[in-house]
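Visitor: One structure, as structure tokens, below. Some questions next.
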Amino acid sequence: MLRWSVILLIIAVIAGIFGFFSIVAAATSIAKVLFFIFIVLFIISLFTGRSRNV
């Protein structure tokens, strides 16, 4: 339990650093671009996926 507390503390400190230095705006724009790329790749894989002959 103490291990999880330390891990979450480290994550919170890193998130706080990102918040103070306005890296959040850059990370948000990168996340949006990656989201749309993966959505397009997912849709393509749905149409071109391998079909199993049963």
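The values are calculated or read from the model by the stated rules, or taken from the named source; none is laboratory data. Everything numeric in this text was worked out from a predicted model, so none of it was measured. Ligands, DNA and RNA are stripped out before the accessible areas are found, and what is left, the full protein with its side chains, is counted by its heavy atoms. Shrake-Rupley method; radii C 1.70, N 1.55, O 1.52, S 1.80 Å.
Visitor: Sum -39500 (n - 2.57) across every DSSP H segment of at least 4 residues in the chain, then divide by the residue count to get the 222 nm mean residue ellipticity, nearest 500.
Guide: Values: 2 runs with 44 residues, N = 54.
So the helix-based figure for the chain works out to -28500 deg cm²/dmol.
Visitor: Could you state the angle between the C-alpha long axis of helix 24-48 and the longest principal axis of the C-alpha atoms of the chain, as a value from 0 to 90 degrees rounded to the nearest 10?
Guide: Between the helix axis and the principal axis of the chain, the angle is about 20 degrees.
Visitor: What are the ³J(HN,Hα) values, in whole Hz, obtained from phi via the Karplus relation 6.51 cos²θ - 1.76 cosθ + 1.60 with θ = phi - 60°, for each residue of region 8-18 in sequence order, with x given for Gly and Pro?
Guide: Running phi through 6.51 cos²θ - 1.76 cosθ + 1.60 with θ = phi - 60° gives 5, 5, 5, 4, 5, 5, 5, 5, x, 5, 4 Hz.
Visitor: Something else: Rounded to the nearest percent, how much of the accessible area of the chain (1.4 Å probe, protein heavy atoms only) is carbon and sulfur?
Guide: Of all accessible area on the chain, carbon and sulfur atoms account for 78 percent.
Visitor: Work out how much length Leu41 to Thr28 would gain on full extension: take 0.36 nm times their residue separation and subtract the Cα-Cα distance, in nm to one decimal.
Guide: Numbers: separation 13, 0.36 × 13 = 4.68 nm, distance 2.00 nm.
The span from Leu41 to Thr28 would gain 2.7 nm if fully extended.
Visitor: Out of these labelled values of Cα extents along the principal axes in Å, (i) 51, 32, 6; (ii) 43, 29, 10; (iii) 32, 30, 19, which was calculated from the coordinates shown here?
Guide: Here Cα extents along the principal axes in Å agrees with entry (i).
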